[in-house]
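Everything below concerns the one structure shown next.
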Amino acid sequence: MNAEQKPNAGTWGMITAGLKKIGFSPVGLVLLGIVAILPLIPPFNQEHMIRWLIMGAFLAAQAAAFDFTSGYISVVNFGFAAVLGLGAYTSAILANKSPVLMVQPGISPWIGIWIGAILAGLVGLGLGWLTLRLRGIFAAVMAWFVGIALMGLVRNLTDLTRGPLGMNPETLFDTAANLPYYYVILAMMLVVYVALRLVTRSNFGLAFKAIGQNIEAARASGINPTKYRVINFALSCMFAGWLGGFYAHYFGSLTPQTLMHTSKTVEVLALAYIGGRGSLWGGMFVAFPFVFLIEFLRSNLTELPGLHLVLYGLLMVLVMIFYPNGVAGLYAWVVNKVKSSRSKGE
Amino acid sequence: MKEKTSRSIWEKITDNSAASVVIISTVVLALVTGLAAGPSQVINSIVTGGMWALLAVGLALVFGVMNVPHFAHGESFMVGAYVAYFVFSPIHQSLQESPNALLAAIAPFLAMLVAGVAGLILGVILERLLFYPLRVRTKSGWVMNAFLLTVGISFIMTNGTTLTLGPNFRGIPRYWDVEPLEFLGVRVAVDRVVAFFVAIASIVALWFFLRRTRTGRAIRAVSQDETGAQMMGINLNFIYPLTFALATALAAISGASLLFMFQAYPTVGLKPLYFAWYVVMMAGLGNVVGAIVGGFIVAVLQTATQQFVGIAWEDVIPTAVMIIVLLVVPSGIFGSEVKGVQEQ
């Protein structure tokens, strides 16, 4: 999607130029269109397939938000899942009506999701500030510790969250059908991607990359690392919290273990890395086929529990060692090959 | 471990305000806990401290020599626990049929030994199979890449264990069927005492190996200056696998010696991993001596949290303390003088 395109005249050129501004190439748009109509076509219109698609879109949006931090400013946010869980729990507690818990605000999930996102964004602001002085591994470990602390809080504040027993928040729609949820999460995924793409296309993106590559050189060029790192964390965490809100009100069940655990961060990290660091779209592209592969393995090889996760990890390790550029790097390589062969032909 | 910093640990502590503050407050905390809950909690802290120290030493060693922030250290612990279980329980079974006092006494040590050897082999395999190719290919950002690689290893090993052995808990009630020991009026299970002494003996053995043998000196040389060590004829392709194998073996031994507390199951390594990381982050990444002291500090903190706040908070409170430590002294209270720590 980052392919350089010749400025050709006509409506087609104008459309592609406009799309490029929000981060879409024609290929990307076609893929998006396919994903959007997929749940209407058999065999994908079965309910369990639509659930897989929802998981795909959910993971895709997470991968983009995660890559925004790890791929641009080179700080791996190891507390990503915990921040996502924070958004989910905030929204769930605000929507709570059951008298089992201490507070029953009963706010509509449609509003609560936004409050959860804002709170997660504020935590991200704090996290960005906490990791400011730290580099590389120290920042990752700091985010990890904050994540552990957040998860411990959610587990222990049983009056608010029922702790390890988990909550059963209200759902967004009064229907058992999955299709409406799919279009909600697809729209959310698009918003996350386009928003992050607009930011990275602006001067901010340049500043992020500069900080990620060499913080001292960036400072010497007049970039204030403090400001950009905090903004980056806040944005990424805000979207994480927003997506968490969707999770809460879609599945209707929340436990700290299934949502905030470090292994959840690792799943997103694996996707973002397989997709290609610093591309935003790589992880999104990988997420859909990946969820299908994994769910297929899980439902067909029930006598081998955990095989899908082993494959997940193996693929991540292999990509990290042998092809660190990931799918996005492969795409860029192919595009370059095609271009150079074309220019030779002319 | 560096020669230029070979001042005694005592001098380092007295020179260093952060370290003195932390150590004094730890001693006060230990005394308060001891007064409030009796000497049993103090003994508890010491025993726990020994095992956190053993785990953290391996972590510090791997970081100091190879610059690998090891996230899969808990999985080495898990492997040790499984190996010890599979060695010990058949022996235990046969002892039920034909009692043999000598075998009953040495069987647990046999289990720990086999676990240690398994750790050595696993360490060599992991280093050759994964870290070696990564080292050959990585041009920049080694620390972060290595960290993420260990994250992947941890993911594969936990889920691979679930796949092959299932999610079941495999544990033993105790290693030795004998009466608990009396100490300061406190009854301490023999297993705990032995686990503590196994930890101390392993640390001392490692210490002698690093200080007194030629290979050990070579390891320390690599941790100080990789290029210089290479020019002196030290073969990095021998030192790296050896270091990684040693660290893995230490973790496996602690997993084996604690089988009576931590039953073997796929994610058993998580809690030991958390605490080992608290220790090394507090003591300073790669600081082996600091890790020993840090193990006891974290154990006191943990015991005090259990005593005064509640057992459910035992990872929240230490984490909060570690966050503060990282904020105030990011390189740890005993300092981290390892190359590449500040690498992006």
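Name the residues in the stretch B:147-160 that are at the interface with chain A (Cβ under 9 Å from one of its Cβ atoms) and within 21 Å of the chain's Cα centre (by Cα), would you? If you could, list the steps in order and put the result at the bottom.
So the first thing to find is which residues in the stretch B:147-160 are at the interface with chain A (Cβ under 9 Å from one of its Cβ atoms), and the list is B:147-149, B:151-160.
Answer for the stretch B:147-160, where residues must be at the interface with chain A (Cβ under 9 Å from one of its Cβ atoms) and within 21 Å of the chain's Cα centre (by Cα): B:Phe147, B:Leu148, B:Leu149, B:Val151, B:Gly152, B:Ile153, B:Ser154, B:Phe155, B:Ile156, B:Met157, B:Thr158.
Every residue in the stretch A:171-182 that is surrounded by fewer than 18 Cβ atoms within 10 Å (Cβ to Cβ) and touching a residue at least 12 places away in the same chain (Cβ under 8 Å), please.
From the stretch A:171-182, those surrounded by fewer than 18 Cβ atoms within 10 Å (Cβ to Cβ) are A:171, A:173-177, A:179-180; that's our starting set.
The answer is A:Thr171, A:Ala177, A:Leu179.
Checked against (1) small (Gly, Ala, Ser); (2) touching a residue at least 12 places away in the same chain (Cβ under 8 Å); (3) over 25 Å from A:Pro256 (Cβ atoms), A:Ser70 passes all but a single condition, namely (3).
Only one of B:Tyr82, B:Tyr132 is out of contact with any Cys (no Cβ under 9 Å at 6 or more places or on another chain), surrounded by 22 or more Cβ atoms within 10 Å (Cβ to Cβ), touching a residue at least 60 places away in the same chain (Cβ under 8 Å) and in a helix (DSSP H, G or I); which? Give the derivation first.
Details: B:Tyr132 fails: surrounded by 22 or more Cβ atoms within 10 Å (Cβ to Cβ).
On inspection, the qualifying residue turns out to be B:Tyr82.
Among the residues in the stretch A:234-249, are any within 14 Å of chain B (Cβ to nearest Cβ) and either more than 21 Å from A:Phe66 (Cβ to Cβ) or assigned to a helix (DSSP H, G or I) (or both)?
The first filter runs over the stretch A:234-249 and keeps only residues within 14 Å of chain B (Cβ to nearest Cβ), leaving none.
Among the residues of the stretch A:234-249, not one is within 14 Å of chain B (Cβ to nearest Cβ) and either more than 21 Å from A:Phe66 (Cβ to Cβ) or assigned to a helix (DSSP H, G or I) (or both), which makes the answer no.
Filter the stretch A:200-226 for residues that are within 30 Å of A:Ala36 (Cβ to Cβ) and free of Cβ contacts under 8 Å to residues at least 60 places away in the same chain; which is surrounded by the fewest Cβ atoms within 10 Å (Cβ to Cβ)? Filtering first and then ranking leaves A:Ser202. In the stretch A:183-198, which residues are over 24 Å from A:Pro42 (Cα atoms) and without any contact (Cβ under 8 Å) to a residue 12 or more places away in the chain? A:Val191, the sole residue that qualifies.
Does A:Arg229 count as buried (at least 20 other Cβ atoms within 10 Å of the Cβ) and away from chain B (no Cβ under 14 Å)? Judged against the criteria, A:Arg229 is not a match.
B:Ile234 meets each of the listed conditions (1) in a helix (DSSP H, G or I); (2) under 22 Å from B:Val136 (Cβ atoms); (3) of a type in the set (A, V, I, L, M, F, W, C) apart from (1). Every condition in (1) out of contact with any Gly (no Cβ under 6 Å at 6 or more places or on another chain); (2) surrounded by 24 or more Cβ atoms within 10 Å (Cβ to Cβ); (3) under 26 Å from A:Gly276 (Cα atoms) is met by A:Ala82 except one, and the failing one is (1).
Only one of the numbered conditions (1) touching a residue at least 40 places away in the same chain (Cβ under 8 Å); (2) under 22 Å from A:Tyr183 (Cβ atoms); (3) crowded, with 17+ Cβ neighbours inside 10 Å is not met by A:Phe24, and that is (1). The set of residues in the stretch A:99-148 being in contact (Cβ under 8 Å) with a residue 40 or more places away in the chain, facing another protein chain (nearest Cβ under 8 Å) and not in a helix (DSSP H, G or I) consists of A:Arg135 alone. Checking every residue in the stretch B:251-268 against the condition of being part of a helix (DSSP H, G or I), surrounded by fewer than 24 Cβ atoms within 10 Å (Cβ to Cβ), of a type outside the set (D, E, K, R) and at negative phi gives zero matches. For the stretch B:283-313, residues that are within 14 Å of the chain's Cα centre (by Cα), within 14 Å of chain A (Cβ to nearest Cβ) and at pLDDT 85 or above total 1.
Selection of the stretch B:57-80 for residues being touching a His at 6+ places or on another chain (Cβ under 9 Å) and among the β-branched types (Val, Ile, Thr) yields only B:Val62. Looking at the stretch A:258-326, the helices (runs of 4 or more DSSP H) lying wholly inside it that each contain 1 or more residues that are within 12 Å of chain B (Cβ to nearest Cβ) and closer than 23 Å to A:Phe44 by Cα sit at A:281-300, A:307-322. Among the residues of the stretch A:278-296, is any more than 30 Å from A:Asn203 (Cβ to Cβ) and over 20 Å from the mean Cα position of the chain (by Cα)? Yes, that holds for at least one residue.
Tally the residues that are surrounded by 23 or more Cβ atoms within 10 Å (Cβ to Cβ) and either within 7 Å of chain A (Cβ to nearest Cβ) or closer than 16 Å to B:Leu273 by Cα (or both), restricting the search to the stretch B:136-146.
The initial filter retains those residues of the stretch B:136-146 that are surrounded by 23 or more Cβ atoms within 10 Å (Cβ to Cβ), namely B:143, B:146.
Narrowing the set further to residues that are either within 7 Å of chain A (Cβ to nearest Cβ) or closer than 16 Å to B:Leu273 by Cα (or both) leaves B:143.
Within the stretch B:136-146, residues that are surrounded by 23 or more Cβ atoms within 10 Å (Cβ to Cβ) and either within 7 Å of chain A (Cβ to nearest Cβ) or closer than 16 Å to B:Leu273 by Cα (or both) number 1.
If the condition is being in contact with a Leu (Cβ under 9 Å, 6 or more places away or on another chain) and either modelled with pLDDT under 85 or farther than 13 Å from A:Met189 by Cα (or both), then the stretch A:48-65 contributes A:Met49, A:Ile50. Here B:Leu273 does not qualify as of a type in the set (A, V, I, L, M), within 14 Å of chain A (Cβ to nearest Cβ) and not in a helix (DSSP H, G or I).
Test A:Arg277 against the stated conditions and say whether it is under 28 Å from A:Val30 (Cα atoms), charged (D, E, K, R) and buried (at least 16 other Cβ atoms within 10 Å of the Cβ).
Yes; evaluated as a whole, the condition is true for this residue.
The values are calculated or read from the model by the stated rules, or taken from the named source; none is laboratory data. Given the structure is predicted, the values throughout are model-derived calculations rather than measurements. Methodologically, a virtual Cβ is constructed for each residue, glycine included, from the backbone with ideal geometry; neighbour enumeration extends over all protein chains shown.
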